[in-house]
Amino acid sequence: MADALSLPEVSLFLSLIKLRRFDDATLGVLRTLLVSKDVKSAVQVRSSLEQFMRFQSLCILREIVDENVVHVLSVLEFLVRAFAVIGDFESCLALRYEALVFRKNKSGVHQWLQVGHIEWENFAKDALDNGFYPIATKACENALLCLRRTDTSGLENFTGDIQRIGSLKDIAIASTGSCSGLCSELGC
């Protein structure tokens, strides 16, 4: 796996991340280095990049904790996109969730950061589709909380939204239970 990180293109990407260049050009380098004619080396590069980015993302998040809101959100967006390109959907979803929670927590001061019920619902669907049932449940709870705080006068679909999100939450909870039951049977 060390060989996978010694390629010049990979070294360029690693350098850009270490220099904290969070832009489209860096993502372009990432995309090009993941295109390979050799499946085995592509798998090795992808795995190495996943490990590297997981470690770097933790360092990066610690570094930006006191930065302004716009900077934090732009870095989170870059990391989400980088993990999506790499194919690490677990990290991608985790960072998307963190970005939504960050926005929710900062929206008292910056109203433009408010997270609406549709964003939470869409995130819940993505989490559910990818097997992250507990986080899908939490996202549904946040979506329902948003709806409860919303002025419902003039919203014809309010009841339908609540029912749809409630059904999604029920599926996530049931899936969590069935997954737990399966894990106990398998001895996980």
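In terms of packing, defined here as the mean over residues of other Cβ atoms within 10 angstrom, the peptides 122-128, 97-103 line up highest first as 122-128, 97-103.
Using the Cα gyration tensor of the chain, with a ≥ b ≥ c the square roots of its eigenvalues, what is the shape: rounded (a/c below 1.5), prolate (a/b larger than b/c) or oblate (neither)? It is oblate, given that a/c is not under 1.5 and a/b is not larger than b/c.
For the range 38-82 versus the range 129-149, the inter-centroid distance based on Cα atoms is 25 Å. For the chain, the number of Lys pairs with C-alpha atoms closer than 30 Å, counting only pairs eight or more positions apart or on separate chains, is 13.
A 1.4 Å probe over all protein chains sorts I135, I118 by accessible area into I118, I135, starting with the largest. Contact order for the chain, expressed relative to its length and based on alpha carbon pairs under 8 Å spaced 6+ residues apart, stands at 13 percent. As an equivalent ellipsoid, the range 1-91 spans semi-axes of 24, 12, 12 angstrom, where each value is the square root of five times an eigenvalue of the C-alpha gyration tensor, largest first. Give the Kirkwood hydrodynamic radius (Å, one decimal) of the range 77-127, defined as one over the mean of 1/r across all pairs of different Cα atoms. So the Kirkwood estimate lands at 11.4 Å.
Solvent-accessible area assigned to carbon and sulfur over the chain amounts to 56 percent, based on a 1.4 Å probe.
The shape of the range 89-166 comes out oblate: with a ≥ b ≥ c from the C-alpha gyration tensor, a/c is at least 1.5 while a/b does not beat b/c.
Compute the signed sum of charges (Lys and Arg +1, Asp and Glu -1) over the other residues within less than 11 Å, Cβ to Cβ, of F78.
Within the 11 Å Cβ shell, the charges total 0.
Tell me which DSSP H helices of the chain clear both cut-offs, 20 Å or more of axial length from alpha-carbon atoms and a mean Kyte-Doolittle hydropathy of at least -1.0. Membrane-span-like by this criterion, though nothing is claimed about a membrane: 39-64, 69-86, 89-106, 133-149, 158-186.
The values are calculated or read from the model by the stated rules, or taken from the named source; none is laboratory data. Quick caveat, the model's predicted, so the values are computed rather than measured. Positions of Cβ are backbone-derived with ideal geometry, glycine not excepted, and every protein chain shown enters the neighbour counts. Calculation scope for accessible area: heavy atoms of the full protein, side chains included, ligands and nucleic acids excluded. Shrake-Rupley method; radii C 1.70, N 1.55, O 1.52, S 1.80 Å.
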